[in-house]
Each structure stands twice: as C-alpha cells, then as structure tokens.
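Novice: One structure is given below, represented as structure tokens, and several questions about it will come after.
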Amino acid sequence: MTRLAAVCRLPLVRVAGLLATAAVLTGFGPVRPPAAGFASLGSADALAAAGSGAAALYANPASMIQLRQNTIEFGVTRAPLDGRTPLYVTSVDATSGWGIAGGIGYSYDTDWTLSKGTRGGTDLRLGLAAAMEGDSARVMVGASARRMDTTTEDPTGNRRDVAGWTGDAGVTIALGGLRLAGVVRNGLELDPVEAPRRVVAGIALVQQTFLIEGDGSWGLEDGAQPAVRVGAAWQPSDEGLQLRAGYAFDDADASRRSRHWVTAGLAWNTASIGLGAAAAFDVEQAQDFTATVGFVWQVPFDL
C-alpha cells in the first residue's frame, strides 16, 4: 500500500514514508510562494484538499493534520519571470498527541536573476491546525499568519516595498477517499499585487496509488481574476519513484496576459528521506518557467 493511500487514513495503516505533496503559479496570485515545495509545483499547486507537509501549510493550513508525520523540506526555486531565485525551508509537525499540527515556512529571495527586474526579501509563515473526528467524516480546520518584507524593482528602476502581516484560514473535510476544501488566502489586506485576497475551493480523490485534485480560486475584491488548477500524483509503491503532473490557467494578474501552464515533477522517496524536482512552463512562452529542487526529511517518531 502506498503513501498516497495513507491520506485516506485506512485502518491498520502506519505512515512509514514520505508523501510528497503537491501544489503552480496560479491560485496564490501573481507571485507563487516558493516554500510550498517541489511536489506542490509538480501538481500545479492543486492541493488545497489533498495536501500535507509543506504544500498544506501554503495551499490550505487545515490540511497540515491530514497525516500524522513530521517533515522538514528545504530547497531552491528558480523563477526568471518574477526575477527571483529564493531559498526556502518548511517544517510541518502533525505528531502531537493533542490532535493538533503546527508548521513554519521561510523563504529568502537571493539577488541572482536572469531577468532585468530584480526581487529581494523574506516571507515567513506560521500555521496551526486541528481535527474533529465524526462517524463518517473528519473535519480539519487551520489558520496561518504570514509576514512579508519584499522589495521589487522593474526594468526601468522603479522600486516598490511591501512589508506587513496577513494570513490564511481554511477547512478540509475527509469522506473516505474524497476531500473537500475551502480557503481564504491573505485575509488581512496587505498588498493587492504581492498578497491578493483570494478564495479557493478544492476537491480531491485519493486512492492507494494515486491522487487527483482540482482547485479554483477567485479574487475577493470583485470576484474576477480566476485561476484553475488540476494536478495528479502517482506512486506505485511505498518507496521509490513518484510522478506528478498538472495544468493551470492563470488570470491572477491584470497587468499580464492570461497564461496556461503545464507542470511536471518527480521524486524518489524512502522511509525517511525524499529528493525531488519539478517545473512549470508557460504553454506559449516556454522561457517563462518556474523550477524547484528540494530535499525532504521525515523525522522519525513513535506512533
């Protein structure tokens, strides 16, 4: 039985390995948080309902508690379109005996860029989640606080600074292998470009060897600027190769044309570690891409 099947919380299953979770450039707004991780990118950032680990903290904090595991992920992302090469680290721990999960994520934008515009700064996220068990359903709720301190400069030299707090809140409902989710992102108004207020709805099907999810998101201010994402993951055994793929439609930035993205990712997982890479490409302009390479450590604990 694979780690994807563990998300279903099947009887007598011990979670002994990694679930590389999923999420691309859409849904979060024009700028994707790099600390969402490589598995999230490979599945087009479509993990509001089926995420765990790093992807859950960013896609939907409620989903951090889907699996009883403690994961640490770190890596580097390359995004020439946004003029950034951020380093990131994320830790999510859902092993508490009190039925809660906590997460922390941090990214730092370096100044190495191939584009004319430049970007620098930090992005810190802190999250908590709890679960309520019912006879036929499991309801998970969560929230995260986000601290941004970002400076951008366009090709003409115009500089823009954004600093302050905002946050997300979400709910995930598990009905066997079916997942339903709703999220409000950047609920506290901070900046309409760097941290746009958006509402997300997601539905996922999780089976033994695969998961598939579709997410949709819209701007809260006027209900426009939609983004649609579909992602899938396949892992035929508890350890070994995991493949991901996805598609995303992005109309989240009024200053850019609508975009269609295709994504792909792969990882190699063992009982305690995982190594993976993922990329997203603009269908019309392949040079506009985002790529991530990362390492995941599943910290041992006693069930």
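Novice: Go over the candidates GLY127, GLY102, GLY142, GLY97 one by one and state the one that is within 20 Å of GLY53 (Cα to Cα) and out of contact with any strand residue (DSSP E or B) (no Cβ under 9 Å at 6 or more places or on another chain).
Specialist: The unique qualifying residue is GLY97.
Novice: Looking for whichever is modelled with pLDDT under 85 and crowded, with 21+ Cβ neighbours inside 10 Å here; the options are ARG259, ARG229, ARG244. Which one fits?
Specialist: So the residue among ARG259, ARG229, ARG244 that is modelled with pLDDT under 85 and crowded, with 21+ Cβ neighbours inside 10 Å is ARG259.
Novice: Still on this structure, I have one more. Filtering region 190-208 down to residues that are surrounded by fewer than 21 Cβ atoms within 10 Å (Cβ to Cβ) and of a type in the set (A, V, I, L, M, F, W, C), which residue is nearest to ALA233 (Cα to Cα)?
Specialist: Among those that are surrounded by fewer than 21 Cβ atoms within 10 Å (Cβ to Cβ) and of a type in the set (A, V, I, L, M, F, W, C), it is LEU205.
Novice: I'd like the residue in region 131-157 that is among the acidic types (Asp, Glu) and assigned to a loop (DSSP other than H, G, I, E, B) and, out of all such residues, is farthest from the chain's Cα centre (by Cα).
Specialist: The selected residue is ASP135.
Novice: Can you pull out every residue in region 87-137 that is crowded, with 17+ Cβ neighbours inside 10 Å and modelled with pLDDT under 90?
Specialist: Those that are crowded, with 17+ Cβ neighbours inside 10 Å and modelled with pLDDT under 90: ASP109, THR113, GLY117, THR118, ARG119, GLY120, GLY121.
Novice: Tell me whether region 45-55 contains one or more residues that are part of a strand (DSSP E or B), modelled with pLDDT under 95 and either surrounded by fewer than 19 Cβ atoms within 10 Å (Cβ to Cβ) or under 14 Å from the mean Cα position of the chain (by Cα) (or both).
Specialist: There is no residue in region 45-55 that is part of a strand (DSSP E or B), modelled with pLDDT under 95 and either surrounded by fewer than 19 Cβ atoms within 10 Å (Cβ to Cβ) or under 14 Å from the mean Cα position of the chain (by Cα) (or both).
Novice: Filter region 138-183 for residues that are under 22 Å from GLY216 (Cβ atoms) and of a type in the set (Val, Ile, Thr); which is surrounded by the most Cβ atoms within 10 Å (Cβ to Cβ)?
Specialist: Residue satisfying both the conditions and the ranking: THR172.
Novice: Any idea which of (1) part of a strand (DSSP E or B); (2) of a type outside the set (D, E, K, R); (3) surrounded by 14 or more Cβ atoms within 10 Å (Cβ to Cβ) is the one GLY187 doesn't satisfy?
Specialist: So the condition that GLY187 fails would be (1).
The values are calculated or read from the model by the stated rules, or taken from the named source; none is laboratory data. Because the structure is predicted, anything quoted here is derived from the model rather than measured. Here Cβ is always computed from backbone atoms with ideal geometry, including for glycine, and neighbour counts include all displayed protein chains.
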